[in-house]
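Quick notes on the structure that follows.
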Amino acid sequence: MFGIYVHIPFCRKACHYCNFHFSTSLGNRTRVVNAIAAEIRLTHIPQTGCQSIYFGGGTPSLLHVDEWEIIMKAIKSKTDISNIQEFTVECNPEDIDSDLIENLKQLGVNRVSLGLQSLNELELKAMNRAHSKEQSLTALALLNKEKSITLSVDLIYGTPWKSDEEWQGELDFIKKYSTIKHLSAYALTVEEKTVLAHQVNKNIIPPIDEDKAALQFDILQKHIKKVGWEAYEISNYCAEGYRAIHNSNYWNFLPYYGFGPSAHSYDGDTLRYWNEPNNARYVSAIENHSFPREIEKLTENDRLNEYIMVKLRTKEGIVWSDIELLRMSWRKEKKTMLEHYKSNGWIDIDESGFYLTNKGRLIGDELSANLFES
Ligand code: SF4
């Protein structure tokens, strides 16, 4: 079983916090789309076993229908997608109209990941999002009529612009939409070389208030419990039965094929590779029939550390029998540190393994890093 990821490297505007690969010059879009289709055709993909397709970015929803068809034709020429379980497209609210929804349905899309990020007009502007609150409400109303498409929404918390009450209000608001079955909620982080980093460095906006972010994370955990959803990963929450299949497969180390500039791939074992995060260089390499890729062969320690980093973020956490397949002596070697984590209330330990408590989830990445092997 495997997944297919397609990276669409274009956005209408550059959000101030974002460090993903994208370009706001849409002029060479057709060339990039053709190069993605060519890359798919050049790649060996098993004819059967495709479980999920995910179009991310960037902003896939700004593609025209003929551009979608070019990529989908290439995918269908390589592998059977008639039985895939999940086909997700990331969309931004300003792109959603009845034509786009119809096109997505025709393509077989059954899940939309909607980049709301906020329902606060000032915050949307401060983050330089391309949409307004009104456009978000229109998009939600249109998508909510489509019973064949389930919705995941992205929201950001812990920002300088959103109060605790507003954050609770946003969480309550999305519960009103019956097709929203999934939430990806991220604390705002200041990434290097972003406009946000520049604004913080120049004191144009205040640095991230970690206490506020922690409090809003707590509000989120309580809300998820109250509405009976599942907190199945540090940033991901869903109604029962609606875990994201594609992303869960990343966390279960299943293989995936990534296409487009900056897209990552994994063979399910020891090979990871990723494409050039530059549209012009990507296109030029593909047009010369070469793969613009860097390849990494994972060592035993890399695999162990990846397992810890990824799994500790999940509800199930670290499973003894799995980690002992990677290193038999690991549990014994880390006994003292795990007891220290438990006595601080950061993890719970049982006979199957250990997992983060809500207190531990606040510092999950730090706790993982201390368990890594160098
Ligand atoms: S729309 Fe998404 S990918 Fe594009 S700049 Fe904004 S956050 Fe980044």
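The values are calculated or read from the model by the stated rules, or taken from the named source; none is laboratory data. Being a predicted model, the structure only gives us computed values, none of them experimental. Reconstructed Cβ throughout: ideal geometry from the backbone, glycine too, with neighbour counts over all protein chains shown.
At-a-glance table
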{"read-out": "Residue, farthest from the chain's Cα centre (by Cα), within region 260-296, restricted to residues that are of a type in the set (A, V, I, L, M, F, W, C) and assigned to a loop (DSSP other than H, G, I, E, B)", "value": "F291"}
{"read-out": "Residue check, F22 in contact with a strand residue (DSSP E or B) (Cβ under 8 Å, 6 or more places away or on another chain), free of Cβ contacts under 8 Å to residues at least 40 places away in the same chain, within 16 Å of the ligand (Cβ to nearest atom) and among the aromatic types (F, W, Y)", "value": "yes"}
{"read-out": "For Y307: the one exception among (1) of a type outside the set (G, A, S); (2) in contact with a Leu (Cβ under 7 Å, 6 or more places away or on another chain); (3) assigned by TED's automatic domain parsing to the domain that holds I45", "value": "(3)"}
{"read-out": "Verdict on Y257 being buried (at least 17 other Cβ atoms within 10 Å of the Cβ), assigned to a strand (DSSP E or B) and modelled with pLDDT of 95 or more", "value": "yes"}
{"read-out": "Positions within region 85-108 being surrounded by 24 or more Cβ atoms within 10 Å (Cβ to Cβ) and either farther than 14 Å from S136 by Cα or away from the ligand (no atom under 16 Å from the Cβ) (or both), in sequence order", "value": "T88, V89, L104"}
{"read-out": "Cβ-Cβ under 7 Å pairs, at least 6 apart or on other chains, region 189-204 side of a type in the set (A, V, I, L, M, F, W, C), far side surrounded by 15 or more Cβ atoms within 10 Å (Cβ to Cβ) and part of a loop (DSSP other than H, G, I, E, B)", "value": "V190/I208; V195/H16; L196/H16; L196/Y17; L196/V190; A197/V190; V200/V190"}
{"read-out": "Conditions (1) β-branched (V, I, T); (2) in a strand (DSSP E or B); (3) within 16 Å of the ligand (Cβ to nearest atom): number failed by I4", "value": "(3)"}
{"read-out": "Among the candidates T59, T24, residue that is surrounded by 21 or more Cβ atoms within 10 Å (Cβ to Cβ), under 23 Å from the mean Cα position of the chain (by Cα) and over 23 Å from S290 (Cβ atoms)", "value": "T59"}
